[in-house]
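Participant: I'd like to ask some things about the structure below.
Just so it is clear, none of the values below were taken in a lab; they were calculated from the coordinates. Keep in mind that this is a model prediction, so the values were computed, not measured. Note that each Cβ is placed from the backbone with ideal geometry, even for glycine, and that neighbours are counted across all protein chains shown.
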Amino acid sequence: MFFYKFTYKNKHFYQTLLYYIHFFVLIIKPLLIVNCYFCLQNINYYLKIIILNTISSSFTKNAKAEIDKAQNIVILSHKNPDGDALGSGLAFYNLFANFNKKATFIVPNQLLVYLKWMDGFNDIIVFENNKSKGQEIIKSADLIIMIDFNHRSRLSQVADSVLPHKCPKILIDHHPDPENIADLIYSRISSSSTAEMVYEFIEAAFGKDAVSKTIAECLFTGIVTDTGTFSYNSSNQITFKIVGELLSFGIDKDYIIDKIYNNYSEYRLRLLGHAINSKMKVLHEYGTAYIYLSQKDMDSYNFEQGDTEGFVNFPLSIKGIVFSAIFIEKDNYTKCSFRSKGDFPANLVAKEHFSGGGHKNAAGGEYKASLKKTIEQFESILPEYKKYLTVKSL
Ligand code: 5GP
Ligand code: MN
């Protein structure tokens, strides 16, 4: 027995033992409780993220219930919204208009004017241009649907209004590692685009009859722009099944593709010529090429928002180039876009060196420095990746 053996001789031993027990109770136990709390948080987080090959019935049921209940919905997407962000958001916007439900689509900044033919485009609220109106709308929302982003940083200043808001939040997105920023999360990294997931959701929750030709046009635009017209991110059969279904709503595929890609100004094509001719550097030893454009370059070609969209893909057409980048000078930082072929993770470079992220083959970020310094930084990190850049990636 413990007390029976307690003698003066082994008093020191028991004192030490008691000391350790005390130590455990005082130090380790709170740590275990904290750890356990975080474990439970994590479990909660993973339970929320439905990583399946298709939409789950529980997400559909719960998200539909929130939409049915809501009277004032805010649809929200990321800064510098692309075709997928705008197409997915407008699909929801037009869906709710058909349901006679009040909804507002908010984006943090600038719109791609070449997508203005999509229904509802002119109703989009650009937060940066009207902050107080944006804040007011968010404040009165009873449901926020967030689409096509995985991290609060992608919301820039809108995050301060959205994240503390107590109303239910739904996130639908296809980027890796979604952050725990919503109550219901549908994340499918294998999906070509958020638009594809939005179609799955609308069909599962409200049936095919809820999809109008207008909604189908918006969703098709999202899929086309996020896959470079089916040249990447689109090896999954589901993408083509959904595109087949979208065509059944009577959309004119050729017309939409023409509107997306053949709707630029003459200046934009000349800027592309200038970029490739004079502002592209090819580093064959690293299988890498990049374009860099200053404010002056863009001013000389009457730059309009969206004009440099797609430029970053051109260097990849050079034999042996598996990694490409474009650096665009902004007021106090440099915007960076990355594209890669095969296994090279462009998103890793974006995340590790340019405060960004994205998909394996299409990523972006920014660097708080001049164009010149950004380029120097980019060239200086390439040796780190040489091993992966020079192995045949395709
Ligand atoms: P883009 O090069 O067309 O601007 O962006 C390509 C992809 O990179 C986007 O789909 C987005 O996922 C990601 N991306 C672009 N910019 C950023 C950024 O600043 N931060 C993060 N986390 N991802 C970005
Ligand atoms: Mn997307």
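Participant: Once Rh is set to the Kirkwood radius over Cα pairs, what Stokes-Einstein translational diffusion coefficient, in µm²/s, holds for the chain at a temperature of 37 °C and a viscosity of 0.692 mPa s? It would help to have the intermediate numbers written out before the result.
Facilitator: Values: Rh = 23.2 Å.
Estimated via Stokes-Einstein, D reaches 141 µm²/s.
Participant: What is the distance, in nm, between label points placed 7 Å from the Cα along the Cα-to-Cβ direction at Lys102 and at Glu128?
Facilitator: Reported label-point gap for Lys102 and Glu128 is 2.8 nm.
Participant: A further question on this structure: Report, in listed order, any pair from Lys213/Lys259; Lys360/Lys386; Lys241/Lys341; Lys133/Lys213; Lys61/Lys208 with a Cα-Cα distance greater than 20 Å.
Facilitator: On the way: Lys213/Lys259 16 Å; Lys360/Lys386 17 Å; Lys241/Lys341 25 Å; Lys133/Lys213 31 Å; Lys61/Lys208 16 Å.
With Cα atoms farther than 20 Å apart: Lys241/Lys341; Lys133/Lys213.
Participant: Along each principal axis of its Cα atoms, how long is the range 266-393 end to end? Whole angstroms, biggest number first, please.
Facilitator: Sorted largest first, the three principal extents are 40, 30, 23 Å.
Participant: Count the DSSP beta bridges whose two residues both fall in the chain, then state the antiparallel fraction as a percent rounded to the nearest 5.
Facilitator: Details: 19 of 46 bridges.
Here the share of antiparallel DSSP bridges comes out near 40 percent.
Participant: Give the Kirkwood hydrodynamic radius (Å, one decimal) of the range 59-261, defined as one over the mean of 1/r across all pairs of different Cα atoms.
Facilitator: It works out to 16.6 Å.
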